[in-house]
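Trainee: First the structure, then my questions, so here it is.
The values are calculated or read from the model by the stated rules, or taken from the named source; none is laboratory data. These numbers come from a predicted model, not from an experiment. Cβ sites come from the backbone with ideal geometry, for glycine too, and all protein chains shown count toward neighbours. Only protein heavy atoms, including side chains, enter the accessible area calculation; ligands, DNA and RNA are left aside. Shrake-Rupley method; radii C 1.70, N 1.55, O 1.52, S 1.80 Å.
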Amino acid sequence: MMALVRSAHRPLCGVARVVFPCIWRGRYFSSGNESTENNRVTPMLRHLMYKIKSTGPITVAEYMKEVLTNPVKGYYMHHDMLGEKGDFITSPEISQIFGELVGIWFISEWMASGKSPAFQLVELGPGRGTLIGDILRVFSQLGSVLKNCDISVHLVEVSQKLSEIQALTLTEEKIPLERDAESLVYMKGVTKSGIPISWYRHLQDVPKGYSFYLAHEFFDVLPVHKFQKTPQGWREVFIDIDPQVSDKLRFVLAPCATPAEAFIQRDETRDHVEVCPGAGIIIQELSQRIALTGGAALIADYGHDGTKTDTFRGFCGHKLHDVLTAPGTADLTADVDFNYLRRMAQGKVASLGPTEQQTFLKNMGIDVRLKVLLDKSHEPSMKQQLLQGYDMLMNPKKMGERFNFFALLPHQRLQSGSPQMNACQSKPSASLPVAGFDELAWR
Ligand SMILES: C[S@@+](CC[C@H](N)C(=O)[O-])C[C@H]1O[C@@H](n2cnc3c(N)ncnc32)[C@H](O)[C@@H]1O
């Protein structure tokens, strides 16, 4: 992998990123009755109270869905929450090296799976478009490796505001975007490096071609159902209006079993679980597509392997925020259960990971890349930013251990000695180790 970086015709330039003391979204936060800094009645709170008064308490999943992606008032829909002035920061916003190494991972997988003459790069929840921008810069720099490969970019994004920011980051101003709010492809254009780019609201709408999929801090914002073990059996957690305090929400337990209980494993040993059926549906769709056409999916998020319990938390202004307070003004998130994602792949594809971010990035050559950038930068402030960014990504006490990488690959990709090829691919290749994952795990 490192040979690829070093043999680039022109070295990738350093891109200044803001590094500041802030909270990253992987912090644990016990939901419930923390003191509230901001108890105001938001339009979203009014909407939810009206809904609860009309039809009764709502599930945590319904609450998350409304608060985050309600088309009119949802947190993600109409403002930019990323970065210094926003509510949280993510790895690609911290250091350019993160996206560069992810870009190298895709090139490595494309090479290992036979250098298909064309592929789609699909990102779920691209935020500001920073990560895909860094990946496309690597693709341009390694144009000699990818030459004659027909690449297109496909972004799955529900937020109108963020899709506009992505377009500003990624596309050439002189070439106007095509827009059609009614269409499944609601925006189309051309990237700065001349690659066709399209926007969709759902993964199902992306053409089913040979693709590489990417999801960074996407699965953690999908709605979760929460369940508590009680002497009477599992009970789902709901959200209701607090009868003691006006304009306040509270958690309650369902008085009897609910249909969502079917999501809980029979041999579950924890006493509190969070299940994200939306993540399961997306993993099934990705698995079917990869099994059918080849390609791979790289998923990076904070999470656990089916061990944690209550991880539902909120972030506002780089601080933890009570999840039930001033809904619509803060991000809501829950740790990704990688064990559940693996089960949802249902053996259609092989999975690798979860592997800690510090291990994955080290295996991808972050140390060599940092050294190259440090040697090239002459400004002390730039060197300091690079070092601070590295520390944030790699330090086990910061993002190094808390964030994980997980991949879905066709079974043939991991079968040693068996060349893999599909209808779209030109040359078969013998199985090679998968970059970033230190050991191959056959599941
Ligand atoms: C936490 S941000 C992560 C952004 C970016 N990947 C990063 O790491 O900087 C979550 C992203 O997913 C998008 N998103 C949230 N729910 C979504 C959904 N149901 N479908 C598609 N995108 C969604 C948000 O608008 C946002 O772009």
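Trainee: Which one, Phe227, Phe263, Phe218, has the greatest fluctuation when you compute a Gaussian network model over the chain with C-alpha springs under 10 angstrom?
Mentor: Its mean-square fluctuation being the largest, the pick is Phe263.
Trainee: Let me ask something additional. Please state, to two decimals, what the Cα-based radius of gyration of the chain comes to when divided by 2.2 N^0.38 Å (N = residues).
Mentor: Numbers: Rg = 22.0 Å, N = 443, 2.2 N^0.38 = 22.3 Å.
In units of the globular-protein estimate, the chain measures up at 0.99.
Trainee: Return one number: the angle in degrees, 0 to 90 and rounded to the nearest 10, between the long axis of the Cα atoms of helix 366-376 and the longest principal axis of the Cα atoms of the chain.
Mentor: Between the helix axis and the principal axis of the chain, the angle is about 70 degrees.
Trainee: Expressed as an acute angle from 0 to 90° and rounded to the nearest 10, what is the orientation of the C-alpha long axis of helix 277-293 relative to the principal long axis of the chain?
Mentor: The answer is roughly 20 degrees.
Trainee: At a 1.4 Å probe radius, which order do His378, His79, His304 fall into by accessible area, largest first? Write down the numbers at each step before the final one.
Mentor: Values: His378 160, His79 70, His304 20 Å².
Ranking His378, His79, His304 by accessible area, largest first, yields His378, His79, His304.
Trainee: When DSSP beta bridges are limited to those with both residues in the chain, what percentage is antiparallel, rounded to the nearest 5?
Mentor: 60
Trainee: Does segment 215-373 classify as rounded, prolate or oblate by the C-alpha gyration tensor (a ≥ b ≥ c root eigenvalues; a/c under 1.5 gives rounded; else a/b over b/c gives prolate, otherwise oblate)?
Mentor: It is oblate, given that a/c is not under 1.5 and a/b is not larger than b/c.
Trainee: Another question, if that's okay. Sort Ile241, Ile94, Ile175 by heavy-atom solvent-accessible area, probe 1.4 angstrom, most to least.
Mentor: Putting Ile241, Ile94, Ile175 in descending order of accessible area: Ile175, Ile241, Ile94.
Trainee: How far is the Cα center of segment 58-98 from the Cα center of segment 129-174, in Å?
Mentor: Using only Cα atoms, the two centres lie 20 Å from each other.
Trainee: Any idea of the accessible area per residue across the chain, 1.4 Å probe, to the nearest Å²? It would help to have the intermediate numbers written out before the result.
Mentor: Numbers: 18900 Å² over 443 residues.
Ligands and nucleic acids excluded, the result is 43 Å² per residue.
Trainee: Could I ask something else about it? With every protein chain kept in the model, how would you rank Val145, Val158 by accessible area, 1.4 Å probe, largest at the top?
Mentor: Values: Val145 40, Val158 65 Å².
Output order, biggest surface exposure first: Val158, Val145.
Trainee: Per-residue ellipticity at 222 nm for the chain, helices alone: DSSP H runs ≥ 4 residues times -39500 (n - 2.57), over residue total, nearest 500 deg cm²/dmol?
Mentor: The helix-only estimate for the chain comes to -9000 deg cm²/dmol at 222 nm.
Trainee: Only bridges whose two residues both fall in segment 279-379 count here: according to DSSP, what percent of them are antiparallel, nearest 5?
Mentor: Values: 6 of 8 bridges.
Expressed as a percentage, antiparallel bridges in segment 279-379 total about 75.
Trainee: Rank Leu184, Leu409, Leu68 by mean-square fluctuation in a GNM of the chain with C-alpha springs under 10 angstrom and give only the top-ranked residue.
Mentor: Comparing Leu184, Leu409, Leu68 in a Gaussian network model of the chain, the most mobile one is Leu184.
Trainee: Something else about it: Largest first, please: the extent of the C-alpha atoms of segment 242-314 along each principal axis, to the nearest Å.
Mentor: So the extents along the principal axes, rounded to whole Å, are 56, 29, 22.
Trainee: In square nanometres, what is one fourth of the surface area of the convex hull spanned by the alpha carbons of segment 293-427?
Mentor: For segment 293-427, averaging the hull's shadow over all directions gives 12.7 nm².
Trainee: Now for a separate question. Return one number: the angle in degrees, 0 to 90 and rounded to the nearest 10, between the long axis of the Cα atoms of helix 43-55 and the longest principal axis of the Cα atoms of the chain.
Mentor: Computed tilt is about 60 degrees.
Trainee: Taking all protein chains in place and a 1.4 Å probe, what share, in percent, of the accessible surface of the chain do carbon and sulfur account for?
Mentor: For the chain, the apolar C and S fraction of the accessible surface comes to 54 percent.
Trainee: Provide the net charge surrounding Gly400, with neighbours chosen by a C-beta distance below 12 Å and charges set as Lys +1, Arg +1, Asp -1, Glu -1.
Mentor: +1
Trainee: If you find the alpha carbon centre of segment 181-202 and of segment 237-275, how far apart are they in angstrom?
Mentor: With segment 181-202 and segment 237-275 each reduced to a Cα centre, they are spaced 39 Å.
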